[in-house]
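> Dropping the structure in here first, questions after.
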Amino acid sequence: MVIGAGVVGLATAWLLQSQGHRVMLVDPAVARPQPPEAGSSAALGLLMARIYRRSSGRGWRLRQRSLELWRSWRQQLEAAGQRLPWRPGLLQLAPDAAAFAAQTRLAAERARRGLTLQPLPAEALAALAPSLPSGAVGGLFSPEDGQLDPLPAMAALRADALERGLELVADAATAIERQAGAERWRIALAGGGWLEAPWLVMSAGLACPELLDPLGHRHPQVPVLGQALELQLPAGTPDPCQWPGSISWGGVNLVPRPGGRLWLGATLEPPAGEPFAAQASAAELASLRDLAGTAPDWLRQATVLRHWRGLRARPQGAPAPLLEQLEPGLLLASGHYRNGVLLAPATAEWVAERIAAGSGLSGISGSP
């Protein structure tokens, strides 16, 4: 059983189902699109792997593996008739000379690994149209990173998993327990009834602590707010799809869309000591819209078509994501923070490897 039907839960369910497991996916929203407040709904789908500033450690390994897996998964799903909209290329802008020097050093380090990153000086940026945010003195271009549309990707994973036999339970888990004397896990459902299985994967983001705390597993996660705007650019503005890829600038991501449109997105976190706000203030939205005062004129003149947001789970006292086998048959795969779309495949593979290494028990039962 997998609890949570965001991009991580769907990826996990799809991979396990494709490997021949019988899988049940449990989530109140599993029979309909993601609710507006869900973290996956507000993701823009940027895959920052090669351009990641670190060059070692778990985060680096997970990002590189996920980028490889997304490439092969796209091919598998497209062969099955499920297309995943993918735009290659990611350009990370530098705000000052020191940042551009660091990007240049990173490109040299990646070249020694056989990976391509291209530093672009200010004159190269000036040649791009439409014009980029003011203040950028250079940038680093990654041709292998890019952007994957989250909602179509989730729909493709869900549709193909259903073709393979995935079972959906449109209900919420209210409690979990280990069956005494049996290597099986049991969950109570909000609508009544129960389900049990030898393996339980917790991918429900902010709902995980409430379910795990009664078992003595303290893995706190706090909400952060993902914000996104879709803009229609003024008539006569060059198509941003002419950019070499999506743009990352000062914590804000700019994603070209068909038809002269653009997505703007960022994760908004409250300053230390201030309470969490479930929606952005007018000032925060204005700053996002104006790129903190660096937006070019064409962007300031764009029309806002829609605004949406979602809550993301950030682990407290531990690095993101939380990947841990808590007990035999109980796996935690949650707290992906800003990188749920990017890290979904590597997370799913981690879950599959734990199950393959575990007991040979099988079978799901219950009365949902």
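> Which ³J(HN,Hα) values, rounded to whole Hz and listed in residue order, are derived for region 68-79 from phi using the Karplus coefficients 6.51, -1.76 and 1.60 in 6.51 cos²θ - 1.76 cosθ + 1.60 with θ = phi - 60°, glycine and proline given as x?
Result, ordered by residue: 4, 5, 4, 4, 6, 5, 4, 5, 5, 5, 5, 5 Hz.
> Can I ask one more? Are there any trypsin sites (Lys or Arg not before Pro) in region 138-223 that are in a DSSP loop and have at most 11 other Cβ atoms within 10 Å? List them by number.
Within region 138-223, the qualifying trypsin sites (Lys or Arg not before Pro) (loop, at most 11 other Cβ atoms within 10 Å) are R218.
> Identify, among L342, C241, A292, the residue whose Cα sits farthest towards the positive end of the charge dipole of region 238-368, taking +1 on the Cβ of Lys and Arg and -1 on the Cβ of Asp and Glu, with the dipole about the Cα centre.
In region 238-368, that residue is C241.
> Reported to two decimal places, what Rg/Rh ratio describes the chain when computed on Cα atoms with Rh from the Kirkwood expression?
That ratio equals 0.99.
> Here's another thing I want to ask about it. Each residue of region 213-226 in turn: what ³J(HN,Hα) in whole Hz from Karplus with 6.51, -1.76, 1.60 and θ = phi - 60°, glycine and Pro shown as x?
For region 213-226, the Karplus curve yields 4, x, 8, x, 9, 9, 9, x, 9, 10, x, 10, 9, x Hz.
> For E353 and A80, calculate 0.36 nm times their separation in residues minus their Cα-Cα distance, and state this gained length in nm to one decimal.
Extra length from E353 to A80 when fully extended: 95.9 nm.
> Something else now. Could you bin all the Cα-Cα distances of region 100-207 into 10 Å bins starting at 0 and give me the percent of pairs in each, rounded to whole numbers?
With a bin width of 10 Å, the distribution comes to 11, 22, 19, 15, 18, 14, 2.
> Continuing with this model, one more query. For region 207-323, with the dipole built from +1 on Lys and Arg beta-carbon atoms and -1 on Asp and Glu ones, taken about the Cα centre, which of A313, P270, L254 lies farthest toward the positive end?
Positive-end residue among those listed: L254.
> Helix 150-163 versus the longest principal axis of the chain: what is the Cα-based angle in degrees, 0 to 90, to the nearest 10?
Once rounded, one gets 30 degrees.
> Report ³J(HN,Hα) in whole Hz for each residue of region 170-177, in order, from the Karplus equation J = 6.51 cos²θ - 1.76 cosθ + 1.60 where θ = phi - 60°; Gly and Pro get x.
Coupling constants for region 170-177: 7, 7, 9, 7, 9, 6, 10, 8 Hz.
> I'd like the carbon and sulfur percentage of the solvent accessible area for region 255-332, probe radius 1.4 Å, heavy atoms only, ligands and nucleic acids excluded.
52
> Which listed residue (Q301, L125, V30) has the Cα farthest towards the positive end of the charge dipole for the chain, taking +1 on Lys and Arg C-beta and -1 on Asp and Glu C-beta about the Cα centre?
L125
> Can you give me the convex hull volume of the Cα atoms of region 1-121, divided per residue and expressed in Å³?
Per-residue hull volume (Cα only) is 156 Å³.
> Keeping all protein chains in place, calculate the accessible area per residue for region 108-237 (probe 1.4 angstrom), answer in Å².
It amounts to 41 Å² per residue over region 108-237.
> Quick one: which residues, 5+ away or cross-chain, put their amide H under 5 Å from the amide H of G138? H built at 1.01 Å from N.
Counting only residues 5 or more places away or on other chains, the set is A94.
> Once the Cα atoms of helix 97-112 and of the chain are each reduced to a long axis, what angle between those two axes, in degrees from 0 to 90 to the nearest 10, is obtained?
Approximately 60 degrees, to the nearest ten.
The values are calculated or read from the model by the stated rules, or taken from the named source; none is laboratory data. Just so it is clear, the structure is predicted and the values come from calculations on it, not from any experiment. Cβ: placed from backbone, ideal geometry, glycine included. Neighbour counts: every protein chain shown. These accessible areas exclude ligands, DNA and RNA; they are computed on the full protein's heavy atoms, side chains included. Shrake-Rupley method; radii C 1.70, N 1.55, O 1.52, S 1.80 Å.
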